[in-house]
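The block underneath contains the structure these notes are about, expressed in structure tokens.
The values are calculated or read from the model by the stated rules, or taken from the named source; none is laboratory data. Given the structure is predicted, the values throughout are model-derived calculations rather than measurements. Using ideal geometry, Cβ is built from the backbone for each residue, glycine included, and neighbour counts are taken over all protein chains shown.
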Amino acid sequence: MAKKQEESGSFTSNDLTPVAGGGLLDRRLFLKRGLMFGSATALAGTAGNLFAEETALEKVVENKITSKAPWMLKPGKPFSNYGQPSPYESEVIRWISANAMASGNGVSWCPLHELEGIITPNGLHYERHHNGVPEIDPAQHQLLIHGMVEKPLTFSIDALKRYPMESRICFIECGGNSNAGWNSRPVQSAAGHFHGLVSCSEWTGVPLSVVLNEASLDPKASWIIAEAADGIAMNISFPVEKAMDDAILALYQNGERIRPENGYPLRLLLPGWEGVTNVKWLRRLQVTDQPVMSRNETAKYTELMPDGKVRQFTFEMDAKSLITSPSAGQEMHGPGYYQITGLAWSGKGKITKVEVSADGGMTWAEAELQEPVLSKCFTRFRMPWKWDGELAVIKSRAKDETGYVQPERDVLVKERGRHGYFHYNAIVSWEIVPEGYVNHVYS
Ligand SMILES: Nc1nc2c(c(=O)[nH]1)N[C@H]1C(S)=C(S)[C@@H](COP(=O)(O)O)O[C@H]1N2
Ligand SMILES: [Mo]
């Protein structure tokens with residue numbers, strides 16, 4: 001009987017029994033066909049619709065015949081060479097916080113709380129520049145590979161485009177993302193203005209192993225120093241092992257050539273590894289047997305631990321998750337049914353589970369992971385929720401395929417101490433007050 005109902009797609013009163021405290025419902029609830037097609041009487045209480053308005057026949061007639069919207073009364077605009085978002089979406093933008101003394105040094109945040117799915121539109125990919133965006137002529141740009149190789153090689157962009165390519169959908173996250181989490185008081189910024197130094201794209205280019213094999217590595221080579229063509233010639237070291245594993249010389253981002261801000265015409269892509277290792281405007285790879293010990297791998301992106309030792313070369317980004325809706329600064333529309341949704345990712349592989357709590361972490365229930373679930377990639381999670389209008393604290397907790405579970409904030413702070421500035425990946429809590437406002441809290 002239960003099986004039959006499942007097949008017909010309708011829901012039973014059992015489905016409406018909370019699966020955890022605070023009104024969390026079965027993660028499969030919104031997937032049931034019965035609910036989508038209006039037999040939601042039991043769910044909605046009185047009316048048969050979830051969120052839609054009941055429409056009388058006269059209204060239908062009026063709508064179809066007499067009241068035509070202004071845009072239906074004239075021809076639309078002509079074609080455009082490059083499409084832009086609707087002007088009504090003009091507030092879905094990156095949020096810039098640049099250094100007042102040096103405008104090319106700073107960040108712009110991806111508005112994660114305004115986006116859906118797992119792909120970041122190119123114009124909204126977060127930015128982190130140490131010295132601005134160089135305007136590079138691809139016809140003059142070259143990549144040099146030298147050092148502990150048999151044959152030093154130079155590649156033009158045109159030459160690289162002729163090699164066989166691969167695509168990889170993965171996130172890039174700055175090691176400084178979410179660093180406001182280390183503050184003693186919870187910041188009240190929108191989710192993307194706090195956690196938005198991470199974005200996810202389809203990157204396409206030439207596997208680094210292919211060109212390194214062509215140059216033929218010295219068996220004693222263990223590190224590669226990547227150097228950029230920006231105004232600081234930014235450089236960073238990474239192990240040869242990663243180069244031969246899944247590193248890509250990326251030329252394309254979500255199908256089009258990489259945007260200048262993100263490394264045009266060539267960027268190093270080290271899937272799952274800390275943002276700073278993904279060198280943009282790549283011009284040189286020097287194969288060596290030791291790291292270069294540059295500023296960005298010594299003074300920055302490392303942290304002093306409580307025992308006085310320093311954590312360095314923390315390449316892989318640990319698992320993390322975040323509810324993007326509802327989230328800080330958003331408003332609820334009164335008690336009733338909601339879909340909690342957010343993003344989870346891990347630099348160590350696939351996300352295997354996301355749990356959600358609506359009672360401040362006392363009880364948890366498993367969220368639905370939306371396909372595709374890919375390694376080192378954003379994973380979208382969803383959870384149906386009936387908010388009773390009372391004070392609630394919602395949070396999410398990610399687990400990856402290594403078994404690692406995202407820690408609570410007090411656990412992370414205890415482990416790392418308070419000298420750190422980078423690599424904050426603790427559970428994020430949003431408090432919903434009866435008036436419907438959403439705040440960031442530590443609990
Ligand atoms: N050449 C160069 N590469 C760079 C940087 C830079 O300033 N210059 N910033 C790094 C840092 S710290 C991060 S987090 C990522 C940001 O990549 P994005 O701007 O495409 O988001 O690029 C890395 N690669
Ligand atoms: Mo970064």
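Here are some notes:
- The residue that is surrounded by the most Cβ atoms within 10 Å (Cβ to Cβ), among those in the range 145-159 that are free of Cβ contacts under 8 Å to residues at least 24 places away in the same chain and part of a strand (DSSP E or B), is Ser156.
- Failed condition for Val292, given (1) part of a loop (DSSP other than H, G, I, E, B); (2) within 10 Å of ligand 1 (Cβ to nearest atom); (3) of a type in the set (Val, Ile, Thr): (2)
- Test set (1) within 12 Å of ligand 1 (Cβ to nearest atom); (2) buried (at least 21 other Cβ atoms within 10 Å of the Cβ) - Gly231 fails condition number: (2)
- Restricting attention to the range 264-298 and to residues that are among the small types (Gly, Ala, Ser) and away from ligand 2 (no atom under 13 Å from the Cβ), the residue that is nearest to Thr204 (Cα to Cα) turns out to be Gly272.
- The range 158-200 - residue that is within 16 Å of ligand 1 (Cβ to nearest atom) and of a type in the set (Val, Ile, Thr) and, of those, farthest from Gly349 (Cα to Cα): Val198
Conditions tested, residue by residue: (1) near ligand 1 (Cβ under 10 Å from one of its atoms); (2) touching a residue at least 40 places away in the same chain (Cβ under 8 Å); (3) surrounded by 17 or more Cβ atoms within 10 Å (Cβ to Cβ).
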site: Gln253; (1), (2), (3): yes, yes, yes
site: Gly263; (1), (2), (3): yes, no, yes
site: Leu266; (1), (2), (3): no, yes, yes
site: Val276; (1), (2), (3): yes, yes, yes
site: Val279; (1), (2), (3): yes, yes, yes
site: Leu282; (1), (2), (3): yes, yes, yes
site: Gln286; (1), (2), (3): no, yes, yes
site: Thr298; (1), (2), (3): no, no, no
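- Within the range 119-144, tally of residues that are under 20 Å from Ile340 (Cα atoms) and surrounded by fewer than 20 Cβ atoms within 10 Å (Cβ to Cβ): 1
- Within the range 160-178, restricting attention to residues that are within 10 Å of ligand 2 (Cβ to nearest atom) and not in a loop (DSSP other than H, G, I, E, B), the residue that is surrounded by the most Cβ atoms within 10 Å (Cβ to Cβ) is Ile172.
- Any hit, the range 304-320, residues being surrounded by fewer than 19 Cβ atoms within 10 Å (Cβ to Cβ), touching a residue at least 40 places away in the same chain (Cβ under 8 Å), small (Gly, Ala, Ser) and part of a loop (DSSP other than H, G, I, E, B): no
- Considering only residues in the range 1-27 that are modelled with pLDDT under 50 and among the hydrophobic types (A, V, I, L, M, F, W, C), the one that is nearest to the chain's Cα centre (by Cα) turns out to be Ala2.
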